[in-house]
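A quick write-up on the structure given underneath.
The values are calculated or read from the model by the stated rules, or taken from the named source; none is laboratory data. Since we're looking at a predicted model, the values are computed, not measured. Cβ placement follows ideal geometry from the backbone for every residue including glycine, while neighbour counts extend to all protein chains displayed.
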Amino acid sequence: MTKIVVAVKYVPDATADRTFESDNTVDRENVDGLLSELDEYAVEQALQVVEAGDGEVTVLTVGPDDAADAVRKALQMGADAGVHVVDDAIAGSDAFATSLVLAKAIEKLDYDLVFFGMASTDGGLGVVPTLVAERLGLPAVTFASEVTVDGDTVRIRRDGDTATQTVEASGKVVVSVTDQTGEARYPSFKGIMAAKKKPVDEWSLADLGIDAGEVGLDNAWSAVESNSPRPPRAAGEIVTDEGDGGVKLVEFLAGKKFV
């Protein structure tokens, strides 16, 4: 049986107006949130692996109370169980502290593989999978466009700008997948109803043996010094075609150095 842990993140809706707290952290309380779209691909790939053989998928998230919605969405897609690490001291943690919490939580779980999305849609750093792999002492095969699991061997295809690589690793492995792996499934009505009965454990930092002084904004390696609203979009220029529309278009593009 292949046991897969999928780390997911609850992020602010990218279509909503984002604001910041007084400490320059993102306001996550007054904006709708959801399961990061890029993490849906990781959930999908994990489900495909266990459906092709025998196994189970546990979804893991770190975040405030509302982050339980991200776990619930993954359970509706077909994951078997969830773990939610929630603690006020975690607020404002950077990628390094987040990787510590995730690694400690994963160590408490019975797993063979750990799946991540390629990055979160709010931070976009893409470093957490590798940081977690380093903390766990595991190989990491990242930015997978295709994932194949054969026994205890994981093989991925990584598509670059100029070449395609095939990378494989054996044993326990950390895998990150891109949005090129295939569309994630939508939860069915049956899946939505079944998710209500699936177990979700809630852990604190104390449960993981982590001191509050190791995480949080005060212990972050980087900080946002200031922020300002995006300037309003300027009105476009209307060109009346009097037979020279093509010329005016080229002049406009040349003036913007597009051509």
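Some notes on this structure:
- Considering residues of the stretch 19-58 that are assigned to a loop (DSSP other than H, G, I, E, B) and buried (at least 17 other Cβ atoms within 10 Å of the Cβ) only, the residue modelled with the lowest pLDDT: R28
- The residues of the stretch 152-187 that are touching a helix residue (DSSP H, G or I) at 6+ places or on another chain (Cβ under 9 Å) and at positive phi amount to a single one, G182.
- Of residues in the stretch 154-179 being surrounded by 13 or more Cβ atoms within 10 Å (Cβ to Cβ), free of Cβ contacts under 8 Å to residues at least 40 places away in the same chain and of a type in the set (D, E), the one nearest to D110 (Cα to Cα): E168
- Some residue of the stretch 122-139 being in contact with a strand residue (DSSP E or B) (Cβ under 8 Å, 6 or more places away or on another chain), under 18 Å from Q48 (Cβ atoms) and either assigned to a strand (DSSP E or B) or in contact (Cβ under 8 Å) with a residue 12 or more places away in the chain (or both): no
- Scanning the stretch 106-120 for residues that are closer than 19 Å to L35 by Cα and either out of contact with any helix residue (DSSP H, G or I) (no Cβ under 8 Å at 6 or more places or on another chain) or of a type outside the set (S, T, Y) (or both) gives V114, F115, F116, G117, M118, A119.
- Taken over the stretch 205-224, the residue count meeting the criterion of being surrounded by fewer than 14 Cβ atoms within 10 Å (Cβ to Cβ) and either closer than 12 Å to L102 by Cα or not polar (S, T, N, Q) (or both) is 8.
- Of all the residues in the stretch 12-47, those that are free of Cβ contacts under 8 Å to residues at least 60 places away in the same chain, over 23 Å from S204 (Cβ atoms) and not hydrophobic (A, V, I, L, M, F, W, C) number 9.
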